[in-house]
1. For residue 149 paired with residue 241, estimate the spin-label separation in nm (one decimal), with each label point 7 Å from Cα along the Cα-to-Cβ line.
2. Order these peptides, 104-115, 305-316, 328-339, by their mean beta-carbon neighbour count within 10 angstrom, highest first.
3. Remind me, relative contact order of region 161-299 in percent, using alpha carbon pairs under 8 angstrom and six or more residues apart?
4. Work out the FRET efficiency for residue 373 and residue 177 from their Cβ-Cβ distance, taking R0 = 45 Å, and round it to the nearest 0.05.
5. Using a Förster distance of 51 Å, how high is the FRET efficiency between residue 232 and residue 48, based on the Cβ-Cβ distance and rounded to 0.05?
6. For a protection proxy built on the mean count of beta-carbon atoms within 10 angstrom, sort 353-362, 126-135 highest first, please.
7. Viscosity 0.692 mPa s, temperature 37 °C: Stokes-Einstein D of region 207-262 from its Kirkwood Cα radius, in µm² per second?
8. Rounded to the nearest whole Å³, what is the per residue volume of the convex hull around the Cα atoms of region 161-299?
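Every number here is computed from the coordinates shown, using simple stated rules; none is lab data. The shown structure was predicted, so the numbers you read here are calculated from the model rather than taken from an experiment. So basically every Cβ, Gly included, is an ideal-geometry build from the backbone, and we count neighbours across all protein chains shown.
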């Protein structure tokens, strides 16, 4: 397999009670605004290790869905604002292809990598050659653990999956009638997918406490068409559950939720509510449809994830201290929050703090932006 870039222009402990042929990824307009570094002095000196033309590979082991496109666009635009050359690759949840893409990026002399959704059983061995070669690496939703050993040179990032699960499941619990358990069809797969595994640590105790009754658990078998796969599976299940026997569907990943929404709509089932995790323009369009049963979703701005990961990588080039791990703040987006014209571009107008963070932003980064942002 030849390494071919996609289009490049555009926690630890759970709190008590927040998936999937490298193909071109079209850049979306900027969806996340980064707060400028506070009190940035004009012309702050750029560290010597941060050089124009550094080559960055961003490799994602999920399908080319909205979330992936926004994540890649965030990393790409932030990297280009620092004068870097950024290439993006997707592996469609094909672990063999993913590992090959990473190996080729190491071989081809990239200076740094951002890696998304590597699995525990191979990520240590996959990334150790990069560290041995002196590359800088940041990961997202990737577990690096081989017999208790990690790679301390790498910063691992994640959405606050515990909070994402808590926010969304609180909306599920609110559907309880007379204190009875909420009857749920659960869209989930695992174990082995770190973000979904973390979300399960919140779901499980609620089930054990009698707040949720899980009627069915449904996950995708076709990662090239998650929506269609889940729509077919949920559609078949609905015939088994007449009106009044299911309260809600919980989508632990919005690609699955979109499939469930399609099944509910085709079956005319307005009695079952849908609550999810992650967000995209398509999600919000479906939430706004007349009589939509999609009530809310908990999310982190995917473009901001890419932006923050690129800042961390840039600080590594600078030789500055970076944390071992970092979680990005989750927000709840309700159907009632959305205006007719709300999109990923202006979601910040209705969700306070959406898409903004000065995490790991440095005054010298503003110096680079002043030079490279057209």
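1. For the pair residue 149/residue 241, the computed spacing is 4.6 nm.
2. Top to bottom by mean Cβ count within 10 Å: 305-316, 104-115, 328-339.
3. 26 percent
4. 0.25
5. Computed FRET efficiency for residue 232 and residue 48 comes out at 0.35.
6. 353-362, 126-135
7. Working: Rh = 12.0 Å.
Answer from the Stokes-Einstein relation: 273 µm²/s.
8. On the way: hull volume 13.9 nm³, N = 139.
Each residue corresponds to 100 Å³ of Cα convex hull volume.
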